[in-house]
Every structure is written in C-alpha cells, then in structure tokens.
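J.: Let me give you the structure first, and then I'll get to my questions.
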There are 2 protein chains.
Amino acid sequence: MEQSLHILLLEDDHSFGYILSEYLDLQGFQVSWAKSAEEAINLLEDHLFQLAILDIMLPGLDGFGFAKLLHQKHEQLPFIFLSAKSLKIDMLKGYKIGAYDFITKPVDEELLVAKIHALLRQTQVQKSLPEKISIGKYTFIPAQFQLSCEGEITKLTAREAELLKLLCQHKGELTSRKIALHQIWGATDEFTRKSMDVFVSRLRKYLSKDSQVRIENVHGQGFILFDK
Amino acid sequence: MEQSLHILLLEDDHSFGYILSEYLDLQGFQVSWAKSAEEAINLLEDHLFQLAILDIMLPGLDGFGFAKLLHQKHEQLPFIFLSAKSLKIDMLKGYKIGAYDFITKPVDEELLVAKIHALLRQTQVQKSLPEKISIGKYTFIPAQFQLSCEGEITKLTAREAELLKLLCQHKGELTSRKIALHQIWGATDEFTRKSMDVFVSRLRKYLSKDSQVRIENVHGQGFILFDK
DNA sequence: GAAAAGGCTTAATGAAACCTTAAGGAAGTT
DNA sequence: AACTTCCTTAAGGTTTCATTAAGCCTTTTC
C-alpha cells in the first residue's frame, strides 16, 4: 500500500546496528536488520529491497562475499559498503564488485541519509510504474483499481489490484510467491498461499480476453506475467 | 562491448583539468573538457554524455548552479561533484540537488576511475532488459526460465534453469561439480550427485537440436558447456 | 587387464504444489 | 434486518518435478 522504501542493513555490531536502524526508521525508511550474512540471505528471499547497506567486517561470510552473491541474484539492487577503516584497497575492491558507494565509520547519519535519497532518486526513476500500465490489450490503472479492455471496465478489489501491480512491476520475469505473500498479506502460511492461488486464478479470468496475456506459474517459485 | 563512454568535465583550473582529462582519456573514456559553465552548456547541446564531473568553485555560474540546470534538462545524466574542501554543508547541498557522488581534491585518480566504472555499470544495468544468453542456436532467458530455439520454447524448472545458468557463467570452461552441488543443492552426498547427473542429462536433451552445443564431462571434476 | 570409481540415460514414484469453483463469514451499507 | 462486498476456507482433482532406481557404459587406477 505505502510506497515506503525498504533497506536491508547487514551489520553484526548490535549497538551500532541498533542506532543506525532506528535512525533510518525515523527517517521514514523500512529497515530490515540482519546480523549475519545468512540472515540477510533469508531476508532477501522474503522481501523486496531498494537498497542494501553492508558492513564489511563480519564473522563468517564477510560483506564482500555477501555482495558478490547479492550481485548475482539481485543485479539491480544497489548496495553501499560500511567500513571502520578507509583503506584504498578495500574501496577499490568494493567498487569493483559493483558497490554504489563506500561509507566509513563513524557514520555521519545526516550525510548518509542524503546519499540514500540521492541514490534512491537515481534508481527509482526507472523502476516506478506509470499511472497507466499496458498489459496486452488491457489497460490497468492501479490508483483507481481499474482494469479495462476495449472499453469494458472491470473494477478490481484492493487485493487484486495490489497483486496485479506487483506482477506488473516484474512483467516478463519472476514475481516470487514469498515476496508477494510478505508484501501483500504479511504472512506465508499454508492458508494464505491458498488464498493467493485464488487471487491468481481470478486475475487470470479477468485477463482471459487477450490470449497473449498469461500468468504462468514457476513451480515452487512464483508467477510470471507475460503479455506477448 | 566497451563502447566509448563520454564524460563531460567541468573544471576551470587548467593544469588540474588537463591532468584529469588526460588520465581519463588514457583509461579509455571520451572526455570533453569545459572550462566554464557556458562552455559546458554548449557541449551538452552537441553531445550525448553518460556522466558529468563538475568542479564546484567556478567563476560565474558555479557547479551547483550548473548542476541544477543540468538536472532540469538532462534528468537521466548522473553527475559527480569535485571540491577542494569537504564541507558537510556543501555535500548535503550537492546530494540534495541530485549528485551521484562527491569527490574531494586532491583526487585519487585510481579511485575516481573505480567509482566511474561502478556508476556507469549501475546506470547501464537499470536500462537493461531481462538478460538473454546465447548458446549456439539457443537463447536462454534465466529470468523467464525459458530456453528457446527457432521459435520453439522450452519451459525450464527452477533447478534446471539454475544449473544451466551456472554452466553459462563458465561457458567454455569448467563448472565444478562440487561448486554446483553446493550452490544449487546445498549438499554433496552420493545421492545428490546422482540427481545432478539426471539434470545434466535432461539439459543435454533440451540442447540437442544444435550439434555444436555440448555439455562435456571432465571425469571427477565437473562439466563444460561448449557452443562452438 | 580387472576392479573400482565415476558417468549416462530412461523410467517410475510420490509428495508437494497448483488450479478452479463454490461455500462460509465478517464488515460495511442501505 | 437484509443486502452487498470481499476475503478466506474448503474441497477436489490435476500437474509438476526432484529423487530414486536400474542397467549399462567409460575412465582411471593398480
């Protein structure tokens, strides 16, 4: 519903992580704080993030290692490194992996937030959906819960619209079931996934006038909306 | 692939500007060096840039003023500020205008180039469509779990797609069995490797339309995907 | 040159995931 | 109170797909 921006924070230091996540929260960001790379990997499967802030020095898999994984799986997700020391060699390594920026501790929170806003502005511009979305012969206006085709208008419910919007955001690629459940229903239990199935089925029916438009299932993963 | 990337450098100091533009030129960038905001405005009309590097302290219209203009006219063009002093207030101002980064003099050229590459990668990735990988006559779109050949589409399962992707990442060289098992299955026991064999076999069948495409085994090591 | 280890392919299996229609039932509206 | 809307639950049948098994083949080692 809300267009709050979701940040993944990977930081093993409890007090520092707490302060930073609280501060970011106060600034209106939705923050998920992982204390280890493993935790972060789990979070990535369940949520859609717009930015990752990664501490480098971690026990186990370090920030660099995690970033490499991240870059393979979520190429479009920008990330920033946090580091206690500002070694040039570390920075070069970070940028080489694909880092967006490099911030040294102690962190000036005000500056960090300014950078985050600048970054999100850069990356969100292209990602944001237009008012009207074309899906084959259909036109979908998320703000009005309206789906129309050849003059005929279907009024969608809030849930239907949210799901369709999510599918549109990833048109032509996978919309993870887990992420959809988390984002729309806030739960991933057996009943809720059944409920989601019902919604998918309903959307398919609405979209059945254009045979080019399909919502295909990827077994165990999620759905892909195709429109050609 | 390295189509020359065009950078607009706005810097009034002759010797510093000369050194920097030469260095960037050596790094394979195409650099247009403007010594005043007016000059830069003219250059903008004649060329397509992928990045602007702006000194802040300039006679006449300063870097901030120019950036505002720039941001209005060329919203997509990312820019970096150069500054002799690192005043927080300046940096906040810069980011607020929409700067991508902020670099203080003296400039570490190596670091600057690393940042530039990171930035360009970021901005290029945004525009890229779902990645398509060519394998001989085949086209593989990992995001769609699809393998197509001469119009015929094969839908892959999540596992199949993961394995094929891994093979593609090392096309022409060894994909270690161990690594694949670890990365995809998370286990390396006897049963799991047998399972992997079945997957390799299935991929071979899918890819059998082009005799140039082969998945060859390296005894005890892993597999190599060839496509010519 | 024989034994052992590793590999290839096809087919069977069974659990998990998926699809659709229809029946509750809660909350809001008339 | 009756109606409406919308989400969930139920029910059932269907499909999917990773694994296992089985039989034969290839490579390496001793």
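The values are calculated or read from the model by the stated rules, or taken from the named source; none is laboratory data. Everything numeric in this text was worked out from a predicted model, so none of it was measured. Cβ coordinates were reconstructed from backbone atoms using ideal geometry, including for glycine residues, and neighbour counts include every protein chain displayed.
J.: For the range A:78-100, name all the residues that are of a type outside the set (Gly, Ala, Ser), more than 7 Å from chain B (Cβ to nearest Cβ) and under 23 Å from the mean Cα position of the chain (by Cα).
T.: Correct list: A:79, A:80, A:81, A:82, A:97.
J.: Mind checking which residues of the range A:54-83 are hydrophobic (A, V, I, L, M, F, W, C) and either more than 23 Å from residue A:118 (Cα to Cα) or part of a helix (DSSP H, G or I) (or both)?
T.: A:57, A:58, A:61, A:64, A:66, A:67, A:69, A:70
J.: If you go through the range B:138-158, how many residues are at the interface with another protein chain (Cβ under 9 Å from one of its Cβ atoms) and among the charged types (D, E, K, R)?
T.: 1
J.: Checking residue A:68 against (1) more than 10 Å from chain B (Cβ to nearest Cβ); (2) buried (at least 22 other Cβ atoms within 10 Å of the Cβ), only one condition comes out false. Which one?
T.: For residue A:68, the exception is condition (2).
Yes or no, residue by residue, for (1) over 26 Å from residue B:166 (Cβ atoms); (2) more than 14 Å from chain B (Cβ to nearest Cβ):
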residue: A:29; (1), (2): yes, yes
residue: A:36; (1), (2): no, yes
residue: A:51; (1), (2): yes, no
residue: A:72; (1), (2): no, no
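J.: From the list A:176, A:195, A:211, A:201, exactly one residue is more than 16 Å from DNA strand D (Cβ to nearest atom) and polar (S, T, N, Q). Which is it?
T.: Selected residue: A:211, the only one of A:176, A:195, A:211, A:201 that is more than 16 Å from DNA strand D (Cβ to nearest atom) and polar (S, T, N, Q).
J.: Might you let me know whether the range A:179-190 holds any residue that is closer than 19 Å to residue A:131 by Cβ and in a helix (DSSP H, G or I)?
T.: For the range A:179-190, residues closer than 19 Å to residue A:131 by Cβ and in a helix (DSSP H, G or I): absent.
J.: Any idea how many residues of the range A:1-40 are farther than 30 Å from residue A:143 by Cα and surrounded by fewer than 16 Cβ atoms within 10 Å (Cβ to Cβ)?
T.: So the count comes out to 7.
J.: For residue A:205, indicate whether it is under 26 Å from residue A:151 (Cα atoms), of a type in the set (Lys, Arg) and surrounded by fewer than 14 Cβ atoms within 10 Å (Cβ to Cβ).
T.: yes
J.: So, one more: What is the one condition in (1) touching a residue at least 40 places away in the same chain (Cβ under 8 Å); (2) touching a Gly at 6+ places or on another chain (Cβ under 9 Å) that residue B:79 does not satisfy?
T.: Exception for residue B:79: condition (1).
J.: Mind checking whether some residue in the range A:107-125 is out of contact with any Ser or Thr (no Cβ under 8 Å at 6 or more places or on another chain), of a type in the set (S, T, N, Q) and more than 11 Å from chain B (Cβ to nearest Cβ)?
T.: No, the range A:107-125 contains no residue that is out of contact with any Ser or Thr (no Cβ under 8 Å at 6 or more places or on another chain), of a type in the set (S, T, N, Q) and more than 11 Å from chain B (Cβ to nearest Cβ).
J.: Looking at the range B:128-144, can you tell me whether even one residue there is within 14 Å of DNA strand C (Cβ to nearest atom) and either surrounded by 12 or more Cβ atoms within 10 Å (Cβ to Cβ) or basic (Lys, Arg) (or both)?
T.: no
J.: Shifting gears a bit: Can residue A:169 be described as surrounded by fewer than 17 Cβ atoms within 10 Å (Cβ to Cβ), over 26 Å from residue A:41 (Cβ atoms) and away from DNA strand C (no atom under 11 Å from the Cβ)?
T.: no
J.: If you check A:133, A:103, which single one turns out to be β-branched (Val, Ile, Thr) and either more than 14 Å from chain B (Cβ to nearest Cβ) or under 16 Å from the mean Cα position of the chain (by Cα) (or both)?
T.: The unique qualifying residue is A:133.
J.: Just one of the numbered conditions (1) within 14 Å of chain B (Cβ to nearest Cβ); (2) among the small types (Gly, Ala, Ser); (3) over 30 Å from residue B:160 (Cβ atoms) is not true of residue A:176; which one?
T.: (3)
J.: Taking residue B:220 as the residue in question, decide whether it is away from every other protein chain (no Cβ under 14 Å), near DNA strand C (Cβ under 9 Å from one of its atoms) and surrounded by fewer than 14 Cβ atoms within 10 Å (Cβ to Cβ).
T.: yes
J.: Go through the range A:18-63 residue by residue and tally those that are hydroxyl-bearing (Ser, Thr, Tyr) and within 20 Å of residue A:97 (Cβ to Cβ).
T.: So the count comes out to 1.
J.: Residues that are within 28 Å of the chain's Cα centre (by Cα), closer than 15 Å to residue B:140 by Cα and within 15 Å of DNA strand C (Cβ to nearest atom): does the range B:176-195 have at least one?
T.: No: zero hits.
J.: Related question: Could you tell me which of the residues B:221, B:183, B:169 is touching a helix residue (DSSP H, G or I) at 6+ places or on another chain (Cβ under 7 Å) and either among the acidic types (Asp, Glu) or within 20 Å of residue A:73 (Cβ to Cβ) (or both)?
T.: On inspection, the qualifying residue turns out to be B:183.
J.: Separate question: Taking the conditions exactly as written (farther than 29 Å from residue A:181 by Cα and surrounded by 20 or more Cβ atoms within 10 Å (Cβ to Cβ)), does residue A:56 satisfy them or not?
T.: yes
J.: Still on this structure, please answer the following. Look through the range B:111-128, keep the residues that are of a type in the set (Lys, Arg) and out of contact with any strand residue (DSSP E or B) (no Cβ under 8 Å at 6 or more places or on another chain), and return whichever of them is modelled with the lowest pLDDT.
T.: Among those that are of a type in the set (Lys, Arg) and out of contact with any strand residue (DSSP E or B) (no Cβ under 8 Å at 6 or more places or on another chain), it is B:127.
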